[in-house]
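Participant: Could you have a look at this structure, given as structure tokens, before my questions?
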Amino acid sequence: MGHKFDGMSPSGKAHGFGPCIRGFESLHPSQVKKLLYRAFLFASKSLWYYRIMKLTKNHRRFPLNRYGVGVLLLMIIVVATGCILILNHKKTADAAKSNSAPAKEVVSMFSFGGASGWTKGPTNGTSMALFHTGIDGCFVSAEYKTGTIDPAAAVQQWSSQAASDGHAATEVAAKDMTIKTNTGVKNYTLHEFNLAGDEDHNAASPLMTGVDLGYLPLSKGYIKFTGDCNTADELPPTLDVFMSYKFDQSKYLAKRAQQDQTNWRTERTYFSR
């Protein structure tokens, strides 16, 4: 039973916009709309005129020959084509605008001080993953959680759960670790385990037998540290990267307060209309 990390999936980019109709790209959208709107009015008036003339049996002003019917059909086609072009232009313009817009900065409680051979992975407000660039599949993560925790009891519970899943967890080492926070340096214990047992061939990914696990209680909430490598022999390099984590709730909480204030102003403006 290896640890799993639910990360964020990469998003594709929308295709760029390229005009396919000669001359259309030289027209301003507002000009195109005016021309199409006038064509629509002309076609609508012509259709209503035809219906009135048909009811009154007077066809002299608008002859119902092939030419007249052809003009009406042409106007309908022009209006329909124009509507389609406007919608497509708006969609592609919005897609181009979203692709060119800079990515929003993710304000997280965690920051990465840098460690040789490691790169920053999926990150959100309360967690951050780091991946080893030389050891395939080896990664660590730090996650803030609310509530309280007893580190020794939590580690024992994890070991018991691994045994019930058919994987005996043997503790290889227990390391004294530190992390810099906005309230000072905090100490915690990181446990290294070697998992043994039959591999579940139906699992989505192979069993990773090297596991790091540690907990740091805080005044409010706690931090959970986890690491996964293919074997326990690959765990020692994770010690340096765990020490490179920094924890600061102040920026994240300030950002959340700013977002809540913005949402409150938006709702107040909406309901005051």
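The values are calculated or read from the model by the stated rules, or taken from the named source; none is laboratory data. All of these numbers come straight from a predicted model, not from anything done at the bench. Note that each Cβ is placed from the backbone with ideal geometry, even for glycine, and that neighbours are counted across all protein chains shown.
Participant: List pairs: first residue in segment 149-162 and assigned by TED's automatic domain parsing to the domain that holds Gly214, second residue β-branched (Val, Ile, Thr) and not in a helix (DSSP H, G or I) anywhere in the structure, Cβ distance under 7 angstrom, at least six positions apart or on different chains.
Facilitator: Pro151/Thr189
Participant: Right, something else. Restricting to segment 213-233, name every residue that is on the phi < 0 side of the Ramachandran plot and either not assigned by TED's automatic domain parsing to the domain that holds Thr178 or not in a strand (DSSP E or B) (or both).
Facilitator: Initially, segment 213-233 is screened for residues on the phi < 0 side of the Ramachandran plot, giving 213-220, 222-233.
Hits for segment 213-233 are Leu218, Ser219, Lys220, Asn230, Thr231, Ala232, Asp233.
Participant: Under 6 Å by Cβ, and 6 or more places apart or on different chains, what pairs join a residue from segment 249-268 that is under 30 Å from Gly184 (Cβ atoms) with one that is modelled with pLDDT of 75 or more and among the β-branched types (Val, Ile, Thr)?
Facilitator: Lys251/Val107; Tyr252/Val107; Lys255/Val107
Participant: Kindly list the number of the only condition in (1) aliphatic (A, V, I, L, M); (2) more than 18 Å from Leu239 (Cβ to Cβ); (3) free of Cβ contacts under 8 Å to residues at least 24 places away in the same chain that fails for Ala196.
Facilitator: Only one criterion is unmet by Ala196, namely (3).
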